[in-house]
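Structure, as C-alpha cells:
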Amino acid sequence: MVLAPLVVLVPILAATLLAAASPFAQRGAGLVAVAAALGAAVLTALVLGSSGERGVTWFSGWHPRGGAAIGIDFAPGRIGAGLALFVAVLAVVALIAASRLITVKSLAFDALVLIFVAAMLGFAYSGDLFNLFVFFELMSVTAYVLVGYEVGQRVSLEGSLTFAITNSVGSFLLLFGIGLLYGSSGALNLAQIGRALEHGPVDTAVVVAFALIASGLLVKAAVVPFHLWTADAYAVAPTPVCILLAGAFSELGLFGLFRIYWTAFHGVLGPDDDALRVVLVTAGCLTGVLGAVMCALQHHLKRMLAFATIAQVGLFLLGLALLTADGVAGAAVWVVGDGLVKAALFVIVAIVQHRYDRVTEGALHGRARGLWPLGLLFALGALTIASLPPTGSFLGRSLVEDAALKEPGYAWVPALMALVTALVAGTLLRAGARVFAGWGAPAGDDPLATDDDDETEDERGAPPRSRFILWALATVLLAAAVGWGVVPGLIEAAGRAAGEFTGTQAYAAAVLDGAHRAIAVPELKSPSATGYLYAAASVAGALAVAGAGLAGVGGRMPRGVIAARERLRGLHNGHPTDYVAWLAAGAAVLCGCLALVLQ
Amino acid sequence: MSVLQITALIVVALAGTATVAMRDPVRQAVVAGIFGLSLSILFFIFGAPDVALSQIVVATVAVPLMVLLALAKLGDQGEDE
Amino acid sequence: MSGRARLAMVALAGVALAVVLVVAVIDLPRPDAPPPRSAKLSTSVALHERHVTNIVAGITFDLRGLDTLGEELILFAAAVGVSVLLRAQREDSTMQDAADAAEQRRAQVPASARALGAALAGPIIVFGAYIVAHGQLTPGGGFQGGVILAAALLLVYVAGQVLALPTDSPVDLVEVTEALAAAAYGLVAVGGLIFASAAMTNFVALGVTGHLLSGGTILILEVAVGIEVASALTLILAELLDQALLRST
Amino acid sequence: MSVLPYLVAVWLLLIGIVGIVTSRHLVHLVLCLSVAQSSTYVLFLAIGYRPGGTAPIFADIPAGTPVVDPVVQALTLTDVVVEATVTAVLLALTVQVAKRFGTVDPNELGAMRG
C-alpha cells in the first residue's frame, strides 16, 4: 500500500508548487489544481479498491512492535476510503466551479483549496488520534481563510472570524480530551488505545476524554448547541467552498467521532452503550428539528441551504448514534447522496445569484422565470432531500429507518426523520417556486435578513461562456445523486464496509498484529414497503409545507409562536462570545451527562 | 514535587489569570509575553527544553510582534474600548 | 444575549466543567507510574535506529513526521491566508502611498540604529542557523531557529536596509521560498516512497550518533522547516507591518 | 501535590474560556484563546513528566538513563506552532474587520443573523 500516502502528498505538492508559481501568475495554472484533484480522486479510488482488512500503511515503515505503535498509520478501512473518494470528487467539482465563479481568483485560492482537500483526505485515512487532530487543525485553518476569502464583504469577514473563534475553542476541548486519553491509555494509536482501555474500568478520565473529544468534533459537525457558527460561515463562503463545507466538512466531524468511538472507546464503553445511545440520539433529534425550523425561517438562499445542512447532519447523527453497523451503513450511503444534492443546489443558487446579483427569496421573486429548466432541477434537488425514490438519499434513509426499527424503543425515529426532511425540502420548494416561477405571495419583509447590497463581488460578472459548465455541473451532480440509489451492489458493499467500521477487534488485529480476523457483516435489505411509505409521507409533507409557505401561512401566526420564533432566531446572533458561551454550556452538559450515565 | 515546580506552576496560573483580566490590549500583550515566558520556565523545569525554546521564541518574538503590529493597525480605536 | 446572561451561563458551565474535569484528572495515573510502552519504544528507536541524541527531534521528524508535515502546512496555509486576507486591502490603497510612507519612516530611523540593526542581524542569523542545524543533537531545531531567523530578517527590514528595494519584490521572494520549503518537506516524504520502502522513510546515510551530519533526512527536514518557518513568519509580519505603515499615510 | 499541574491545566482552560466570553476587544479575545490553548501544553507535559527523569537528550547523558516521556513533548511542539498560526490568522481577520467596519468589539459583529 504505497498509494494512501500519495493521496495526501499529491494535492500538497501541487498546492505548494502552485503557491511558488503565484508571483509569476501563469494563466491556466488553475488547470493544475483541477488535475491534482483528479489525480487524488483516481488514487482514492485505487485505495478504496485495494483497502480491505490489510489496508494499513505505516509512515516511515515503523511497524508496531509487540502491539505497541511507534509511528503513525493510515488505516482507512472501506468507510474512510469511500469517504475520501467522495471528498476528492467534490474537490474536482468545487475547483471546476471555482474556475467559473470566482473571477479575481488567485493561485493562492487554488493552493488553499488543495491543502484543505489534502487535510480532509488525511483526516479520513489517519489511524492515529493526534494525527487526526493535526489534520483537523489544518482543515480548520484553511477553511477559515477560504470562508473569509472575499474580504470586501462584511459578512464574509465576520463569518470567518466567528468560525475561527468557535472552532478554535472546539479544538482545545478536543486536544484536552486527547491529553486525558493519552494519560489513561499511554497510547495515541486508535487501535492501541482501544486495547489498552478494553479491560480497564470505566473511569471518569476515560468518559470525560470521550465527552471532550465528542464536543470538539461536534463543533465541526454542527450539532446543537455547537452549531451556531455554521450558518454564518456557510452562507457567506464562496460557492465552491460551500460545496466542500456542506458536502463533506460537517460529515467528517461525525465520521471522526464515530471512528474514534468504534476503534478506541467501544471496548470500554460498549457495555453501557444504551445510555450513550440515548444521549447521542437526543443530540441528533435536537439538531434535526432545530435545523429544519431555522431553515424554514430563512429567506437568504445560501443561509437556507446552510440550515438544511445542519438539519441533515442531525439525521446522519441519528443513524450513527444507534451504534449499530446497520445505522453506519445507512448513514454512509445517505451522506454521499445528500452531499451530491447539496453541491448541485449550491451550484444552482450560484448561477441565479451570479445572473441577478441577488440571493434572497424576496428580491428574486419571479425574476428567474427565464431560467425555468434550472427551476426544475432545483425542485428535483429539493424532492431528493425529501428522499424521493429511487435516489441515494432515499436508499440511505430507508437503511437508517430499518436500523432504527431493529432497536427496541427507537421506532419513532423514522417519523421524526420524515418530519424533518419534509420541512427542509418544503422550504426549498417554496423558495424555488417563488424564485423560478413567481408563485405565491412575495416573501414577507424580514428585518433580520441581510439586504441585497451584500452581494458577493467576486461572483459577479463572470464571462458569459461560464454558464454552460455550471449548468452541466448541476445536471451531472443531480443525475449522480439520483443514480447513487440504484448502483448495483451498493447495499452489500455498504454493509460490508459498516461491518468492518464497527469491528473493533478486527481493526485492532489488522493494525497492531497485521492479522486478519473475521467481521460480522450486517444483513441489509433493499427498501421495503414501509420505506416507500415514509418516503411518500416525506414528499407529501414537503409539498404541503411548500404550499402553506406560498399561501403565506407564516405571516398569520399567533403572538406566542412569533415570540418563540424571534427568540430562536435571536440565538443565532452572530456574536462569537455568545457562541462560545453556548459551546461551553454544551460541553458541560455533555461531559456531565456522560459522566453520570456511564458510571 | 519540588518547591521550584510548585512555584512555577503557581506563577503560570497567576500570569494566565492576569492575561485574561488585563482589559487594555497593549498592556495585555506585555502580560501575555510574561505568561509565555513563565510557561517556558515551567517547561524547562519539567524536562522539556525543546518545548521551552519554542515557547520562548513564540511568546517573546512571534506573538508579541504580531499583536503589537495588529494593534498599531487598529490605532486609536483599540485604546478607548 | 445580554452581557450578564452570558456571564451567568458561562459561570454555570465553567463550574460544571471544573467539577467534571477535576474529577477526571484526579483519575489519571500518578507520575510514579511507569512510562507508556510506546514512549519507551520510541526513545530507543530514535536513539539506536535513527541515530539522534535529541529524542524529541527524532520523534518530531521521523516517528511522527506526518504530524510535522501537517504542522508545516498549517503554517504555510496561515501565511498564504494572511497575505490573501490583508493583500486585498493593500491593493485598495495605492502601493505608492505605502512606499512613500516606508521611505519616510526609513528617513526617521537614525543612521546609528540602522547600523546597529545591520550589525546585529549577522550574528542573529548565524545563531538561528546554528539552532536549526543542531536540532537532532541538542534542544532546538527548525522551528526555534526559524523564528530567530525571521526576527533577524525583520530587524534588517526595520533597520531600513531592504526598504530601498522595490516594495513588492522581496515579499515575492519570501513567498516563493516559503512555498518551496513546504514543497521540500513533501518531496522528502515522497523520496522515502521512491528510494526506500514507505513514505517518509529515511533514505540518506544515518551518520554517527552525536555528529552534526547524523540522523539522515532529519537534518534535511530541520533545514526545510527552518526556512519554511523563517519565511512564513517574515511574510506574516511583513503583511502586518505593511498594514501598520499604511495607516501612517 | 502531584495533581497540581493538572489543576493548573484545568484552570487555564476555564479562565481562557471565561475570558473569551466576557471579552470586549477582539485582540483581547485572541490572547484569551492562546491562554486556553496553553492549558493543553501544561496537561501534556504533566502527563509525560516522571520524577527523576531528565530531558530526553542523550548528548551528554548515557543511554539508558530514565527520561521523561518524549512523545508528549513532540505533540506539544506541534501544538505551540498551531497556536501561533491560528493567532496570526485571527489577527489578520481582526485587522480587516476593524479597518472596514470600525469595530473591534465582538458583540458588534453579526451583520448576518437570525
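The values are calculated or read from the model by the stated rules, or taken from the named source; none is laboratory data. These figures come from a predicted structure and were not determined experimentally. Because the Cβ atoms are built from the backbone with ideal geometry, glycine has one as well, and the counts that use them run over all protein chains shown. Heavy atoms of the whole protein, side chains included, go into the accessibility calculation; ligands, DNA and RNA do not. Shrake-Rupley method; radii C 1.70, N 1.55, O 1.52, S 1.80 Å.
Taking amide H as placed 1.01 Å from N in the peptide plane, D:Val67 has its amide H under 5 Å from the amide H of D:Thr54, each at least 5 places away in sequence or on another chain.
Near the amide H of A:Asn189, within less than 5 Å, lie the amide hydrogens of A:Leu129, all on another chain or at least 5 residues away, with H placed in the peptide plane.
The separation of the range A:470-510 from the range A:239-285, counted between C-alpha centres, amounts to 17 Å. For chain A, the longest principal axis of the alpha carbon atoms and the long axis of helix A:372-385 meet at an angle near 40°. Over all other residues within a Cβ to Cβ distance under 9 Å of A:Gly574, the charged ones net out to -2, with Lys and Arg as +1 and Asp and Glu as -1. Roughly how many Å is it from the Cα centre of the range C:32-89 to that of the range B:5-81, as a whole number? Value for the Cα centre distance between the two parts: 23 Å.
Computed packing ranks the peptides B:22-30, D:74-82 as D:74-82, B:22-30, most packed first, by mean other Cβ atoms within 10 Å.
Each peptide in A:141-149, A:264-272, C:219-227 receives the mean, over its residues, of other Cβ atoms within 10 Å, and ordering these scores from highest gives A:141-149, C:219-227, A:264-272.
Charge tally around A:Gly71: other residues with Cβ under 12 Å, Lys/Arg +1 each, Asp/Glu -1 each, net -2. What the phi angles of the range A:33-39 give under the Karplus curve with 6.51, -1.76 and 1.60, with θ = phi - 60°, is a coupling list of 5, 4, 5, 5, 5, 4, x Hz, glycine and proline written as x. Peptide A:62-73 has a mean of 6 when you count, residue by residue, the C-beta atoms of other protein chains within 10 Å of its C-beta. Average accessible surface for the range B:3-79: 35 Å² per residue, computed with a 1.4 Å probe over protein heavy atoms with every protein chain in place. The candidates A:Trp471, A:Trp372, A:Trp334, arranged from most to least accessible area with a 1.4 Å probe in the full protein assembly, appear as A:Trp372, A:Trp471, A:Trp334.
3J(HN,Hα) couplings calculated from phi for the range A:469-485 with the Karplus curve 6.51 cos²θ - 1.76 cosθ + 1.60 (θ = phi - 60°) are, in sequence order, 5, 5, 4, 4, 4, 4, 5, 5, 4, 5, 4, 5, 5, 6, x, 4, x Hz; Gly and Pro show x. Span-like helix criteria (full DSSP H runs; alpha carbon extent of at least 30 Å along the helix axis; mean Kyte-Doolittle hydropathy of at least 0.5) are satisfied in chain D by D:26-48, D:70-101.
Around the amide H of A:His300, modelled in the peptide plane, lie the amide H atoms of A:Glu361, all under 5 Å away and 5 or more residues distant in sequence or on another chain. For a test of the definition: using alpha carbon positions, the gyration tensor, and the 1.5 limit on a/c, classify the range B:3-79 as rounded, prolate or oblate. Oblate is the answer for the range B:3-79, as a/c is 1.5 or above yet b/c matches or exceeds a/b. Relative to the dominant Cα principal axis of chain A, helix A:107-125 is inclined by about 40°. Remark: mean inter-chain Cβ contacts per residue of B:1-12 equal 3, using a 10 Å Cβ-Cβ cutoff to other protein chain atoms. Remark: the range A:86-99, residue by residue, has Karplus-estimated 3J(HN,Hα) of 4, 4, 5, 5, 4, 5, 4, 4, 5, 5, 5, 4, 4, 5 Hz, where x stands for each Gly or Pro and the curve is 6.51 cos²θ - 1.76 cosθ + 1.60 at θ = phi - 60°. Surface calculation, 1.4 Å probe, protein heavy atoms: A:Cys295 sits at approximately 0 Å² accessible.
Surface composition of chain A: carbon plus sulfur atoms contribute 66% of the solvent-accessible area (1.4 Å probe, protein chains only, all chains present).
With a probe of 1.4 Å, find how much accessible area chain A has per residue, and write the answer as a whole number in Å².
On the way: 16700 Å² over 599 residues.
Solvent-accessible surface per residue comes out at 28 Å².
Grab the other residues whose beta carbon is less than 12 angstrom from that of A:Lys525, score K and R as +1, D and E as -1, and report the net. Overall, the nearby charge balance is -4.
Count, for each residue of A:203-213, the Cβ atoms from other chains sitting within 10 Å of its Cβ, then give me the mean as a whole number.
Details: counts 5, 9, 8, 2, 4, 8, 3, 0, 3, 5, 0.
Average per residue, whole number: 4.
To the nearest ten degrees, helix A:529-550 and the longest principal axis of the Cα atoms of chain A are 40 degrees apart. Contact order for the range D:4-108, expressed relative to its length and based on alpha carbon pairs under 8 Å spaced 6+ residues apart, stands at 30 percent. How would the range A:513-599 be classified by its alpha-carbon gyration tensor: rounded, prolate or oblate, with rounded meaning a/c under 1.5 and the a/b versus b/c comparison settling the rest? Judged from the Cα gyration tensor, the range A:513-599 comes out oblate (a/c at least 1.5, b/c at or above a/b). The range D:10-42 and the range A:368-388 have Cα centres spaced 46 Å apart.
Global size of the protein assembly as shown: 27.1, 87 Å for Rg and Dmax (C-alpha atoms, Rg to one decimal, Dmax whole).
Could you rank the peptides B:66-73, C:57-64 by their average count of other C-beta atoms within 10 Å per residue, with the highest value first?
On the way: B:66-73: 22.9, C:57-64: 30.9.
Per-residue Cβ counts within 10 Å, averaged per peptide and sorted highest first, yield C:57-64, B:66-73.
Buried surface for the C/A pair, taken as the accessible area of each chain alone minus that of the pair with a 1.4 Å probe, is close to 5100 Å² in total. Measuring nothing but how far apart in sequence close Cα pairs (under 8 Å, 6+ apart) lie, relative to its length, chain A scores a relative contact order of 18 percent. Chain D contacts chain B over a buried accessible area of about 3500 Å², both sides summed; the probe is 1.4 Å and only protein chains count.
Pairs of Cα atoms nearer than 8 Å and 6+ residues apart set the relative contact order; for the range B:3-79 it is 30 percent.
For the protein assembly as shown, lysine pairs with C-alpha atoms less than 23 angstrom apart, excluding pairs fewer than eight positions apart on the same chain, total 7.
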